[in-house]
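J.: Sharing a structure, written as structure tokens. Questions coming.
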Amino acid sequence: MTTEIMPAQDLPQIKGVKDVPYDELFVSGHRTCQGCESALVMRHMVKASGPRTIVLGSTGCMYVANTTYYTTPWVVPWMHTQLGASGSAALGTAAGLKVLMRKGKLKNEKINVIAFCGDGGGADMGIGAISATLTHKDYNCLVLLYDNESYANTDIQLSSQTPYGAVTTFSPSGDKKRLMHTRWKKNVPGMLAAGHPESRYIAAGCAAYAVDLMNKIRKALELGGPTFVHTLDPCPKGWDYHPQYSQELGHLAVETGIWPLYEVVDGVCNLTGPTRQIAEGRKKRKPVYEYLKRQGRFAHFIDEDVEHFQAQVDKMWTDWLIPGVIPFTVPAKDVAILKIDKKPMHEQKTA
Ligand SMILES: Cc1ncc(C[n+]2csc(CCOP(=O)(O)OP(=O)(O)O)c2C)c(N)n1
Ligand code: SF4
């Protein structure tokens, strides 16, 4: 039996910091490292979504450090879910709420369901469940992947989100092999956006751009259905820098073009914040060296490594279909294929 989808959320876009809700729903009582941007993502996330929110958290720093025995920073209802299970937890909770409301056991009201996961739990182990969730368009839930670029909670192991060449406990730099890890970071939001037409909202954000991030959370919840937001979170412990520089590193990740900010709304991609300014030529992209040199995990890099990193980022911006977002290029001889005939199908010429 099909039921009506719950009413859309009334979460207006925030125009500036003065509009940001005053209420804190993620407070003191957690044990994350000083300068942890993932903790800031949690704070912004629930500030944007408001008190009628259920949060589900996959194992990782944001579970373990946030729920030390007898303490928790969560003011809203919160539940742990297993590593890799954020997609299933989001969908199951959304489905459960819908049934309870249909049976009259719960008042039919707007309740946000947000499941979060780290890059290990989301980009690696849990990607299948997130993908499945994004195909179930009748359920309102958001999956937020907070990406500190390692399995941080178990002491900084390599993930598919660890950047090229970075040192982790599984990819140390040695005399025989200077770069132990040479894969390029998996493009999770791009991949999910390209393959999940049922999802109305998929975005990439960063807590260093707080208003942009909160608006992305709000838009996802307001549009409804299954949605996804990926954040890049500087991690002083794993990236090896002084905690006071977390915000600055978030800015540099975006300003160097390594982490583009964007959203895909009903299949249309909008670049946001400085990423948009760079793409429109209003802001100059900074050299990646400015970002890399600030972190101990890249301290073993020589010029050749920095050049390779820069070349890969340049390629994302110059060769890809959408700068930094959609990793496709079109052979020069086939450019005409992109000139799509906008007439209705029955009026289009057949070859
Ligand atoms: C199925 C399973 N395998 C391994 C673990 C051990 N474990 C707990 S937290 C964690 C790291 C999770 O990394 P990530 O999802 O990136 O989150 P972060 O710790 O970086 O916040 C691991 C491997 C587990 N809890 N469950
Ligand atoms: S290890 Fe990194 S992600 Fe984990 S609590 Fe510390 S700063 Fe945050």
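The values are calculated or read from the model by the stated rules, or taken from the named source; none is laboratory data. Predicted model, so just to flag it, every value in this text is computed and none were measured. Cβ atoms come from the backbone with ideal geometry, glycine included; neighbour counts cover every protein chain shown. For accessibility, only protein heavy atoms count, side chains too; no ligands or nucleic acids. Shrake-Rupley method; radii C 1.70, N 1.55, O 1.52, S 1.80 Å.
J.: Carbon and sulfur together cover what percent of the accessible area of the chain at a 1.4 Å probe radius?
T.: 56
J.: Next up: Can you give me the relative contact order of the range 110-230 as a percent, contacts being Cα pairs under 8 Å and 6 or more apart?
T.: On the way: 215 pairs, mean separation 36.4, N = 121.
Normalised by residue count, the contact order of the range 110-230 is 30 percent.
J.: Based on the mean of other Cβ atoms within 10 Å per residue, sort peptides 37-45, 298-306 so the most packed one is first.
T.: In decreasing order of mean packing, 37-45, 298-306 become 37-45, 298-306.
J.: Taking Cα pairs under 8 Å and at least six residues apart, what relative contact order does the chain come out at, in percent?
T.: 16
J.: Could you work out the local net charge near Q277, counting Lys and Arg as +1, Asp and Glu as -1, over the other residues with Cβ closer than 14 Å to its Cβ?
T.: It works out to a net charge of +3.
J.: Hey, if we sort E307, E149 by accessible area with the 1.4 Å probe, largest down, what's the order?
T.: So the residues, ranked largest to smallest area, are E307, E149.
J.: Can you show me the helix-derived [θ] at 222 nm for the chain, built from DSSP H runs with n ≥ 4 at -39,500 (n - 2.57) apiece and divided by the number of residues, rounded to the nearest 500.
T.: Calculated mean residue ellipticity at 222 nm is -8500 deg cm²/dmol.
J.: Students often check this: by mean Cβ neighbours within 10 Å, which of 54-64, 115-125 ranks highest, and how do the rest follow?
T.: Going from most to least packed, we get 115-125, 54-64.
J.: Quick check for me: using +1 on Lys/Arg Cβ and -1 on Asp/Glu Cβ, what's the dipole size of the chain about its Cα centre, in debye to the nearest 20? Don't skip to the end; give the middle numbers.
T.: Details: 39 positive and 34 negative charges, 125 e Å.
Here the chain has a charge dipole of around 600 debye.
J.: Right, something else. GNM, the chain, Cα, under 10 Å: largest mean-square fluctuation among G174, G96, G190?
T.: Comparing G174, G96, G190 in the GNM, the peak value goes to G174.
J.: Before I look further, what does the range 24-83 give for accessible area per residue, probe 1.4 Å, in whole square angstrom? Before the final figure, lay out the partial values.
T.: Values: 2690 Å² over 60 residues.
For the range 24-83, the solvent-accessible area averages 45 Å² per residue.
J.: On to the next question. If the cut-off is a Cα-Cα distance under 20 Å, which aspartates and glutamates reach K15, setting aside same-chain residues fewer than 8 apart in sequence?
T.: Filter leaves D23, E24, D212, E222, E263.
J.: Here's a follow-up. Distance check, please: which entries in K186/K315; K47/K219; K237/K284 exceed 20 angstrom between their Cα atoms?
T.: Check vs 20 Å cut-off fails for K237/K284.
J.: Let me ask another. Under the classification rounded if a/c is under 1.5, otherwise prolate if a/b is larger than b/c and oblate if not, where does the chain fall, given a ≥ b ≥ c as square roots of the Cα gyration tensor eigenvalues?
T.: Values: a/c = 1.74, a/b = 1.11, b/c = 1.57.
Note, shape of the chain comes out oblate.
J.: While we're looking at this one, here's another question. How big is the dipole moment of the range 77-197 about its Cα centre under a simple scheme where the beta carbon of each Lys and Arg is +1, that of each Asp and Glu is -1, and everything else is neutral? Debye, nearest 20, please.
T.: Magnitude of the dipole: close to 420 debye.
J.: Name the residue from G296, T318, S88 whose Cα lies farthest towards the positive end of the charge dipole of the chain, charges +1 on Cβ of Lys and Arg and -1 on Cβ of Asp and Glu.
T.: The residue sitting most towards the positive pole is S88.
J.: For S131, what accessible surface area do you get with a 1.4 Å probe? Give it in Å², rounded to 10.
T.: Around 40 Å² of this residue is reachable by solvent.
J.: Considering only the other residues whose Cβ falls under 13 Å of the Cβ of V20, what net charge follows from Lys and Arg at +1 and Asp and Glu at -1?
T.: With Lys, Arg at +1 and Asp, Glu at -1, the net is +1.
J.: If you count only protein heavy atoms with a 1.4 Å probe, what accessible area per residue comes out for the range 221-351, rounded to a whole Å²?
T.: In whole numbers, the range 221-351 has 54 Å² accessible per residue.
J.: Restricting to the chain, compute how many DSSP beta bridges are antiparallel as a %, nearest 5.
T.: 30
J.: Given Cβ point charges of +1 (Lys, Arg) and -1 (Asp, Glu) and nothing else, what value in debye, to the nearest 20, does the dipole of the range 145-223 about its Cα centre take? Spell out each step's value before the answer.
T.: Numbers: 10 positive and 7 negative charges, 49 e Å.
The dipole of the range 145-223 has a size of about 240 debye.
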